[in-house]
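The values are calculated or read from the model by the stated rules, or taken from the named source; none is laboratory data. Just so you know, these numbers come straight off a predicted model, no measurement behind them. When we count neighbours, we look across all protein chains shown, and the Cβ atoms used for this are built from the backbone with ideal geometry, even at glycine. Ligands, DNA and RNA are excluded from the accessible area calculation, which covers all protein heavy atoms including side chains. Shrake-Rupley method; radii C 1.70, N 1.55, O 1.52, S 1.80 Å.
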Amino acid sequence: MSADIRPARITDLDALSSIENAVFETDRLSRRSFRRLLKSGTVSLIVATRQDAPAGYALVLYRKGGRTARLYSLAIAPAYRSFGYGRLLLDAAEKAASARGYRALRLEVREDNGRAIELYDRAGYRRRERVPDYYQDGAAALRFEKSLGEQSDT
């Protein structure tokens, strides 16, 4: 099942909020936060769509003067898991960061999220450290990073 990748629009707010609430139990972005992010010049908010309806998103944050961008969130609506949308969005996030001149992409993922960890491992991300008590519910995170000069064939 193919998807189109495009920048998020203000008309995607309801879908983005719905995806966020379906995927995450804690540490959720609010509709208001998505609205603010859409207006920000220091983020890339990218959606994967099916028939122009968002099926998932990736949010990349940029620090002015920095060399490493941060993949803040990547979420796929439950109905669209296992179609490769996570990898499509991860690739789009990497391209967006690279196009802005960033040399690396960093992210944190819940230590118990095996599916996401496998995605990042396959995409060439390197585990940097374990961060205890990172999430709102006390769960630990694993921090990953990838040089945007590296390209993975998987």
Quiz item: What are the ³J(HN,Hα) values, in whole Hz, obtained from phi via the Karplus relation 6.51 cos²θ - 1.76 cosθ + 1.60 with θ = phi - 60°, for each residue of segment 116-125 in sequence order, with x given for Gly and Pro?
Solution: 5, 4, 4, 4, 5, 4, 5, 7, x, 6
Exercise. At most 15 other Cβ atoms within 10 Å plus a DSSP loop assignment makes a site exposed; report the longest stretch of the chain without any exposed trypsin sites (Lys or Arg not before Pro).
Key: 104-154
Quiz item: For R87 and D52, what does the FRET efficiency come to when R0 = 25 Å and r is the distance between their Cβ atoms, rounded to the nearest 0.05?
Solution: 0.75
Exercise. Return the label of the correct value of Rg and Dmax of the Cα atoms in Å, as calculated from the structure shown, out of (1) 14.9, 44; (2) 15.3, 46; (3) 14.6, 40.
Key: (3)
Exercise. Would you rank Y80, Y57 by solvent-accessible area, highest first, keeping every protein chain in place and using a 1.4 Å probe?
Key: Y80, Y57
Self-check item: Equivalent ellipsoid semi-axes - Cα gyration tensor, segment 73-154, angstrom
Solution: 21, 17, 11
Self-check item: Per-residue HN-Hα couplings for segment 130-141 [Karplus 6.51, -1.76, 1.60; θ = phi - 60°; Hz; x = Gly/Pro]
Solution: 9, 10, x, 6, 7, 8, 3, 8, x, 5, 7, 10
Practice problem: Would you pull out the residues with amide H under 5 Å of A55's amide H, same chain only if 5 or more places away, H placed 1.01 Å from N? | Solution: A48, T49, R50
Self-check item: FRET efficiency for N21 and R67, using Cβ-Cβ distance with R0 set to 25 Å, rounded to 0.05
Solution: 0.15
Quiz item: Whose amide H sits under 5 Å from the amide H of Y72, counting only residues 5 or more places off or on another chain, with H placed in the peptide plane?
Solution: L59, V60, L61
